[in-house]
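Encoded as structure tokens, the structure appears first; notes follow it.
The values are calculated or read from the model by the stated rules, or taken from the named source; none is laboratory data. Because the structure is a prediction, the values reported are computed rather than measured. Backbone-built Cβ (ideal geometry, glycine too); neighbour counts: all protein chains shown.
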Amino acid sequence: MDLGLRGKVAIVTGAANHPPDYPHPGQGESTARLLVQEGAKVVLADIKAERGAALAEALCAQGHEAIFVPTDVTQPSDRTRLVDRALDAFGAIDILVNAAGCHSLDGKGTGNSFPNILEEDWDLMYNVHVKGSVFLTQEVARRAMIPQKSGRIVMVSSLAAHGKFISTAYGTAKAAISWFTLGCAVALGKYGIRVNCVSPGLVLTPIYRDVELKDSPITPQFEAMMKADRMLGLDRFGAGTDIAKAILFLVSDLADYVTSVDLNVSAGQVYY
Ligand SMILES: NC(=O)c1ccc[n+]([C@@H]2O[C@H](COP(=O)([O-])OP(=O)(O)OC[C@H]3O[C@@H](n4cnc5c(N)ncnc54)[C@H](O)[C@@H]3O)[C@@H](O)[C@H]2O)c1
């Protein structure tokens with residue numbers, strides 16, 4: 001089936017996290033890999049410059065079209081340079097996937113949960129997830145998608161936006177992204193631009209690498225408990241590719257009539 005992605009230009013943020021000692025790539029990297037397989041040209045953006053450059057090189061060596069632009073999405077000049085480089089390299093931007101994200105300053109969630117939220121953690125969560133996604137989307141919309149009167153945008157929210165983790169800096173930032181998606185879809189619909197978001201449940205990605213088996217909920221014991229209590233609809237945690245497939249659907253022609261949707265991609269996880 002042709003997904004209508006051949007020749008399309010896609011920016012994917014948070015696209016470069018697959019440490020050699022971790023089995024699963026992140027959602028952004030997984031999305032970039034699926035996009036190039038469908039014939040899209042990808043612009044990888046991440047703060048991890050070495051990994052991003054290596055991924056772009058590896059994709060090009062496989063015959064795909066990819067560039068990496070070192071980007072901190074919280075920085076206005078980086079966002080502008082990212083759009084400049086994408087337009088210089090490929091002449092258009094058809095797809096934007098805002099997947100950049102992080103958990104907390106110390107990687108353990110300390111300072112992320114009320115009543116112990118630290119202002120530094122609050123600022124980080126809002127700068128990366130909300131400000132980064134909102135202002136990059138605005139720049140891409142103004143400079144590429146509105147003039148060309150077409151575009152597909154996907155935000156990465158979280159089940160944390162819809163459940164008990166709403167009392168964390170992370171959860172409230174993700175809730176802001178879910179709600180921004182709806183308003184953005186309404187504002188951009190008249191230009192032929194579709195805007196959706198995915199809300200993944202717990203996904204096995206490198207974001208947990210430093211906290212695994214410590215404070216992260218993703219421990220073998222936690223997974224066993226969820227299975228025993230039938231809280232995992234499909235009997236396993238997801239991987240980056242599981243979420244990437246849903247993102248691919250949303251940016252493809254198959255979703256031509258789908259906009260302002262917040263798609264739960266959690267295989268029925270109910271841990272709230
Ligand atoms: N893993 C989960 O359980 C889960 C669940 C729901 C939502 N999410 C969200 O999914 C998205 C992707 O995360 P992931 O799980 O694939 O983890 P990941 O660590 O593999 O990917 C996140 C990427 O974002 C990059 N990044 C962080 N700060 C950045 C910045 N300022 N500018 C540019 N890039 C930056 C990181 O370097 C990393 O490559 C994130 O927004 C995360 O919050 C993750």
Review point. If you go through segment 22-43 one residue at a time, do you hit one that is at pLDDT 95 or above, of a type in the set (Lys, Arg) and either within 22 Å of MET155 (Cα to Cα) or crowded, with 18+ Cβ neighbours inside 10 Å (or both)?
Key: yes
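Looking at THR137, THR168, THR181, can you tell me which residue is at pLDDT below 95, under 20 Å from the mean Cα position of the chain (by Cα), within 16 Å of the ligand (Cβ to nearest atom) and not acidic (Asp, Glu)?
Every option except THR168 fails the conditions.
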**Study point:** Where a residue in segment 170-197 is free of Cβ contacts under 8 Å to residues at least 12 places away in the same chain and its partner, wherever it lies, is acidic (Asp, Glu), with Cβ under 9 Å and at least six apart
**Key:** TRP179/ASP262
Exercise for review: Give the number of residues within segment 25-45 that are more than 15 Å from the chain's Cα centre (by Cα), part of a loop (DSSP other than H, G, I, E, B) and not hydrophobic (A, V, I, L, M, F, W, C).
Suggested key: 2
Exercise for review: Please determine, by comparing only the residues of segment 145-164 that are surrounded by 22 or more Cβ atoms within 10 Å (Cβ to Cβ) and under 18 Å from PHE90 (Cβ atoms), which one is nearest to the ligand (Cβ to nearest atom).
Suggested key: ILE153
Check your understanding: Do we have any residue at all in segment 47-54 that's within 9 Å of the ligand (Cβ to nearest atom) and farther than 23 Å from ALA173 by Cα?
Key -> yes
Point to revise | Cβ pairs under 8 Å, 6+ apart, first in segment 45-60 and under 16 Å from ARG85 (Cα atoms), second part of a helix (DSSP H, G or I) and of a type outside the set (D, E, K, R) | key: ALA45/GLY52; ALA45/LEU82; ASP46/GLY28; ASP46/GLY52
Practice item. Could you give me the residue pairs with C-beta distances under 7 Å whose first residue belongs to segment 5-28 and is within 13 Å of ALA45 (Cβ to Cβ), whose second residue is assigned to a loop (DSSP other than H, G, I, E, B) and basic (Lys, Arg) wherever it lies, and which are 6+ apart or on separate chains? Key: ALA16/LYS48; ASN17/LYS48
Exercise for review: Output the number of residues of segment 1-30 satisfying the condition of being more than 17 Å from GLY151 (Cα to Cα) and within 15 Å of the ligand (Cβ to nearest atom).
Suggested key: 17
**Study point:** Members of segment 111-155 that are in a helix (DSSP H, G or I) and among the small types (Gly, Ala, Ser)
**Key:** GLY132, SER133, ALA141, ALA144
Practice item. Output the residues belonging to segment 46-100 that are aromatic (Phe, Trp, Tyr) and assigned to a helix (DSSP H, G or I). Key: PHE90
Practice item. Say whether the condition of being within 16 Å of the ligand (Cβ to nearest atom), of a type in the set (A, V, I, L, M) and at pLDDT below 95 is met by at least one residue in segment 88-109. Key: yes
Review point. Does CYS197 count as at pLDDT 80 or above, out of contact with any Pro (no Cβ under 9 Å at 6 or more places or on another chain), of a type outside the set (Gly, Ala, Ser) and assigned to a strand (DSSP E or B)?
Key: yes
Practice item. Considering (1) away from the ligand (no atom under 11 Å from the Cβ); (2) touching a helix residue (DSSP H, G or I) at 6+ places or on another chain (Cβ under 8 Å); (3) not β-branched (Val, Ile, Thr), say which one SER199 fails and leave the rest. Key: (1)
